[in-house]
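All remarks here apply to the structure that follows.
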Amino acid sequence: MKKTDIRSLNLKELKSFMETLGEKAFRAKQIYQWLHEKCVSSFDEMTNISEKLRTQLKETCTLTMLKSVTVQTSRIDGTKKYLFELEDGNMVESVLMRYKHGNSVCISSQVGCRMGCKFCASTLDGLVRGLTPAEMLEQIYRISKETGERVSNVVVMGTGEPLDNFDNLVKFIQMLTDENGLNISQRNITVSTCGIVPKMKELADLKLQITLALSLHASNQEKRKELMPVANAFDIHETIDACRYYFEQTGRRISFEYSLVAGVNDSAQDAAELAALVKGMNCHLNLIPVNPIKERDYVQPDMKAVRDFQNKREKCGINVTIRREMGRDIDGACGQLRKRFSER
């Protein structure tokens with residue numbers, strides 16, 4: 001008999017599951033809080049339910065747990081990068097970043113990725129599978145347990161394309177923001193996508209209050225096709241229109257991620273094209289000097305070029321920031337730690 005992944009059940013599903021075990025519905029809320037507020041590691045820790053029920057849960061359910069394989073800590077800013085092992089032996093990465101406004105955790109949504117973006121280590125070995133809601137939640141729970149500190153912001157921007165694991169992503173968000181769990185505000189959650197247009201619109205129609213971050217990385221269709229294979233399926237203007245639709249449905253400002261690659265997408269012409277592309281949008285542009293990986297020959301522009309690019313966009317009335325590099329002295333880019341570990 002296949003066991004139930006109990007940590008992936010939302011409260012409504014857990015109530016139905018309790019009924020199949022002959023238990024009262026109120027038991028579901030107790031167990032849900034053990035799983036998602038106290039983030040227990042075993043059924044035996046659930047001290048306010050009977051031993052009989054704990055035994056039933058052990059017999060019928062799996063309790064998803066991630067194993068910490070290695071942790072890298074930056075000597076520069078204290079950023080921690082975790083490599084977690086899943087129960088099937090696959091690996092995922094998560095990052096803890098400490099800011100004045102609170103702790104932010106960047107989580108993975110898939111094992112590997114099939115999007116093929118040229119500057120990303122996550123995609124080099126392709127997609128293995130999507131993560132369950134429990135596996136996404138567990139990254140946050142394990143980091144919070146390990147540090148003893150509350151996580152206030154979550155970014156789904158690690159390994160994988162979140163919208164390629166759409167149903168599990170949405171369920172994860174709903175459970176993360178449930179008042180019976182960690183109760184993190186939807187406004188403190190950011191989901192990154194390379195631009196799967198139908199799923200962007202489907203997400204918009206849910207009217208969640210999360211921030212949508214589009215990995216843009218180019219100012220025109222031809223350059224975007226060179227950097228991001230997803231552009232072969234969705235034209236850059238179609239993708240930008242989906243961003244406009246997201247804002248119309250949710251009222252949430254769009255964030256554009258733009259990795260600056262020296263000699264590729266950092267020219268004055270790129271800056272001008274980018275301004276025209278997003279003209280009139282309620283948006284924020286996040287410039288990211290590309291993090292080089294050994295499998296590609298992309299290099300960072302010097303800081304003068306980055307500042308010039310920023311200044312040109314600000315003069316056009318676009319809100320622009322340069323991403324602060326966190327964990328620069330560790331395997332900081334998406335997929336690097338997992339790939340190096342697998343190669344060893």
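Every number in this text was worked out from the coordinates using simple rules, so none of it is lab data. Fair warning: this is a prediction, and the values are worked out from it, not measured in the lab. Cβ placement follows ideal geometry from the backbone for every residue including glycine, while neighbour counts extend to all protein chains displayed.
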Worksheet, complete the sentence: Taking a ≥ b ≥ c as the square roots of the Cα gyration tensor eigenvalues, with a/c under 1.5 meaning rounded and otherwise prolate when a/b beats b/c or oblate if not, region 4-62 comes out rounded
Worksheet item: Rounded, prolate or oblate: which fits region 206-300, taking a ≥ b ≥ c as square roots of the Cα gyration tensor eigenvalues, rounded meaning a/c under 1.5, else prolate when a/b beats b/c?
Response: prolate
Practice prompt. Measure nothing but the geometry: give the 0 to 90° angle between the long axis through the Cα atoms of 26-36 and the longest principal axis through the Cα atoms of the chain, rounded to 10°.
Written response: 40 degrees
Practice prompt. Arrange Phe247, Phe17 by Cβ neighbour counts within 10 Å, fewest through most, would you?
Written response: Phe247, Phe17
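With charges set only on the Cβ (+1 for Lys and Arg, -1 for Asp and Glu), what does the dipole of region 4-62 come to about its Cα centre, in debye to the nearest 20?
Rounded to the nearest 20 debye, it is 180 debye.
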Worksheet item: Which pairs break 25 Å Cα to Cα here: Lys199/Lys312; Lys199/Lys225; Lys67/Lys171; Lys171/Lys223?
Response: Lys199/Lys312; Lys171/Lys223
Practice prompt. For each pair in Lys81/Lys118; Lys58/Lys81; Lys2/Lys201; Lys2/Lys52, compute the distance between the two Cα atoms and list the pairs where it is over 25 Å.
Written response: Lys58/Lys81; Lys2/Lys201
Worksheet item: Can you give the Kirkwood hydrodynamic radius for region 150-236, in Å, rounded to one decimal and based on Cα pairs?
Response: 13.9 Å
Worksheet item: Any idea what the dipole of the chain comes to, in debye rounded to 20, about its Cα centre with Lys/Arg Cβ at +1 and Asp/Glu Cβ at -1?
Response: 620 debye
Worksheet item: Along the charge dipole of the chain, which of Leu208, Gln139, Gly102 sits closest to the positive end, that is, farthest toward it, with unit charges on the beta carbon of Lys, Arg, Asp and Glu (+1, +1, -1, -1)?
Response: Gly102
Item to complete: Take every Cα pair under 8 Å in region 168-286 that's 6+ residues apart, average their separations, divide by the length, and report that relative contact order as a whole percent.
Response: 26 percent
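Would you calculate a helix-derived [θ] at 222 nm for the chain, using -39,500 (n - 2.57) for each DSSP H run of n ≥ 4 and dividing by the full residue count, to the nearest 500?
-10500 deg cm²/dmol
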Worksheet item: If you find the alpha carbon centre of region 87-150 and of region 198-225, how far apart are they in angstrom?
Response: 20 Å
Worksheet item: Label points 7 Å out from Cα along the Cβ direction at His284 and Asp308: separation in nm?
Response: 2.7 nm
Discussion item. What is the angle, in °, between the Cα long axis of helix 51-60 and the longest principal axis of the Cα atoms in the chain? Nearest 10 is fine, range 0 to 90.
Written reply: 50 degrees
Item to complete: Could you tally the net charge around His36, taking each other residue with its Cβ under 10 Å from the Cβ of His36, Lys/Arg +1 and Asp/Glu -1?
Response: 0
Response to the item:
Farthest towards the positive end of the dipole of the chain, among Ser50, Gln221, Phe247 and with Cβ unit charges of +1 on Lys and Arg and -1 on Asp and Glu, lies the Cα of Ser50
Practice prompt. Please work out, to two decimal places, the log10 of the ratio I(q)/I(0) at q = 0.08, 0.09, 0.13 Å⁻¹ from a Debye calculation in which every Cα of the chain carries one identical scatterer.
Written response: -0.40, -0.50, -1.01
